[in-house]
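Structure, as structure tokens:
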Amino acid sequence: MNNDARQLITALHRGGTYGYWWVAEGRRSSWWEVGKATPIPSGRVNVYVGVHPVAAIPDTNSRGEAAESIYVRSQINGISVLNCLFAEYDAKDFAHDKAATLAHIDTLAPSPSAVVDSGGGYHCYWLLKQPYPLTTPDARRDAVKLQAAWVTLMGSDKASKDLARVLRVPGTHNHKYDPPRPVALLRFTDTRYAIAELAALAAPFVEPDKPHTIANGSMPAERYVAAALAGETAKVITAPEGQKHYQLFKSAAALGELAGAGMVDEQTVKDLLFSAIAPRAADTKNAANTIRDGVAKGKTNPRQLPAPRTSAHGQIVRNEDAPQVKPVGPVHYVEAKRQPISAAELQRVQFAPLKWIVDGILPEGATLLAGKPKSKKSWKALAVAAAVAMGGKVLGYYDTLQGEVLYLDLESNQRRMQGRLNVMLGAIPWPQHFYIETAWERGEEGIAMLDAWMEAHPNTKLVVIDILQNFRPARDPKGNPYDQDYDAVKMINAFAERHRIAVLIIHHTRKAKSDDVFDEISGTTGLSGGVASMWVLGRTPDNSGESILAIRGRDISDDDPMALKWDNYTCQFIRVASGQEASSGSARRQILDAMDEHQQYQLKELAAAVGKSMSATSNHIRRLMDDNLIERVGNGKYARIVQPVPYLRESAESRESAESRESAEAFQGKVSHDFHDAVRNESQYESHVKVTLAHQDAPNDRSKSDFHDFHRDSHSAPDLYIDEVETPAGVVFRIWDEMSQTHLAGDYATRNEAAAEAQRRMR
């Protein structure tokens, strides 16, 4: 037995007589005397230990049948003493994310004395200051009820609450996984609690004893109200993690109907529900607001008390099996409310690392994407959504965390969305887990629907709200504008943080200019205060036709704006520069412009073009190379790197889906027509070079042909792209003619040289 196992089991079994190992393979027990050395069963086996010690080794099974002790587990009636309360957390209850599970454990109050990583989740123990002996039937019954209530209070696995529970042993392995995962003691502190202290916290959740009789049936209203309070509170406590917020609003509205009828005090309802949600609420302020809004909604529809059932003789029928509930009165659950954390405690907390949906620019939480009308901000959001769904790059540069996407297009329709995706993605199989909805509820009800969505789609990584105005609650003309703006986005941010996803909210900027582009966001500063980060899409001051994307956020270290170019061919933005220079017409911007025209430059030529010294120009070039915007092509020359078209590749899921491929082939001809219609009026299209370097990253030849087939018939010019070919002399780059299905003559040392030749041939 390793030291971690010895330390934990010693704490769990003090004051007891016998403990036991439970080996899953063969369903065998190995009993030992507490205080004496015992080896842990070895081999490729799953080993568990009885959490609580027993007074004697049982010789019968749970049905009372005689059996060898080696095949008998402990039973509740055999437990002799309690040294802890426990809770078991399975990662599958937290979006299959162990980090999210551990983050939830970090919020528990009181903090567990010990935490064990079981491989698939975590086990938590709250150690007692003194052993609690189970010497009487009443003590045993109270212990059973206390452990069950504790599981409810802590929001853990409700199936793991029996006193005879066995849990995995630190120092062993969980063989349910391949490869097996180690079981480890993550934390062990000397923090211990009086059982009376823990019992007081769990008291609101202790299931009452079933009464034998009801005193009388002359006061149905009191019993009806009390039962409603107990029932709705239980729904909030036991709601699945993804449904907590939704259930809180529903229960508040239901009890608000009673408050509206004068059957119960409104503050009593609020206190009771807050005490139920506070231990598991990620944002207690948001929870309080949800309760407030739910009660307010319920009060508008006062409930009518149902008439009591009567017999044929007019006598009230009593329900002898009705549950007993505590009388309605003042509710003070101070213990359940969140307490300040000390700096020393905070130092020991291990938080899950920040999750980036788009690396470096889009973290978990709510992000406001603002821009003027017709600034293509919806196209920008759609490109981000497609990249996340397909595991591609944003702006041709930033990596994404692939997952499901929900796009709430609240000012458009499915036909328009289909047209945009036709232009953007073409005929390759579209992602199966990119969902589009054009109708959604506003405000708290909309958030409740999003919570329900996350429950059904736990792999969702991004939600897009297009636009904020059609999602936020209707404005109150008499209300405070700042508070209304703040609350509108804060509830969205709380939802995003609760599920550890990103929500991209599309909004407008005002006409008035400002020295700080973020001050141009329409509305009050409450909007910027309520979100995690902001994106503002605007034009460069030099009227070059490029756009500027300014980014600012709590967790974003580099908030320099970046220059973007709009690609009419794919209807997407491409990152062309970064840093403050992108918006000020700097030397690096001039270098890039010059290289657009002449393709290749020597250092001396670049210095002359921008009017800078050789040393200064060399520094600019080095930074441009670091940003992957230019490359060295040999002989002391430099050239622009043509940015690949994002997303023009199949996901693994799409490649494996025959159904998706058949669907793509079915509408291939239609897409060709739609694509031509979409771009034929664009002024820049005719001069656009149809060279796509993205094909070099294509997983197979099928994706190449899929891309070109859908528009080949619409254009007279051949479709050329760059192919990377391995020859005996090394890797070269050749121009592939899709029409003739042949390589054109000539090998090129760099992609840029091949692209230059392709451009010449296309003219």
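Taken together, the values in this text are just the output of simple stated rules run on the coordinates, not laboratory data. This one's a predicted model, so the numbers in the text were calculated from it and none came from an experiment. Neighbour counts run over all protein chains shown; Cβ positions are idealised from the backbone, glycine included.
Under the 0.36 nm per residue contour assumption, what length would be gained going from the current alpha-carbon distance of T60 and T525 to full extension?
Between T60 and T525, full extension yields an extra 160.4 nm.
Please compute the Kirkwood hydrodynamic radius over the range 3-205, one decimal place, Å, based on all pairs of different Cα atoms.
Its Kirkwood hydrodynamic radius stands at 17.3 Å.
Report the relative contact order of the range 136-185, percent, no decimals, based on alpha-carbon pairs under 8 angstrom and at least 6 residues apart. Intermediate values should be presented prior to the final figure.
Details: 35 pairs, mean separation 11.3, N = 50.
Relative contact order here is 23 percent.
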- Task: May I ask you to sort M417, M534, M390, M424 by Cβ crowding, counting other Cβ atoms within 10 Å and putting the fewest first?
- Result: M417, M424, M534, M390
- Query: Short version: ³J(HN,Hα) in whole Hz for each residue of the range 608-619, in order, from phi by Karplus 6.51 cos²θ - 1.76 cosθ + 1.60 (θ = phi - 60°), x for Gly and Pro, what are they?
  - Reply: 5, 5, 9, x, 10, 5, 4, 5, 5, 5, 4, 5
- Here the range 489-501 yields Karplus 3J(HN,Hα) values (6.51, -1.76, 1.60; θ = phi - 60°; whole Hz; Gly and Pro given as x) of 8, 5, 5, 5, 5, 4, 4, 5, 5, 4, 9, 6, 10
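To the nearest 0.05, what FRET efficiency results for D476 and A67 with a Förster distance of 60 Å applied to their C-beta separation?
0.30
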- From the C-alpha gyration tensor of the range 425-555, pull out the three semi-axes of the equivalent ellipsoid (sqrt of 5λ each), sorted largest to smallest, in whole Å. 26, 23, 13
- Query: Which of the lysines could be linked to K637 by a straight reach, that is with a Cα gap under 18 Å, when you skip same-chain ones fewer than 8 residues away?
  - Reply: K604, K612
- Query: Spin-label point model (7 Å from Cα, Cβ direction): what's the T135 to A37 distance in nm?
  - Reply: 3.4 nm
- Message: For a 30 Å ceiling on Cα separation, which of these pairs sit above it: K377/K490; K355/K376; K176/K235?
- Response: K176/K235
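Any idea what the relative contact order of the range 33-160 is, in percent, if you count C-alpha pairs under 8 Å spaced at least 6 apart? Before the final figure, lay out the partial values.
Values: 150 pairs, mean separation 29.3, N = 128.
Relative contact order of the range 33-160: 23 percent.
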- Going by C-beta contacts inside 10 Å, put T300, T233, T17, T367 in order with the fewest on the left. T300, T17, T233, T367
- Query: In which sequence would M263, M614, M154 go, from the one with the fewest C-beta neighbours within 10 Å to the one with the most?
  - Reply: M614, M263, M154
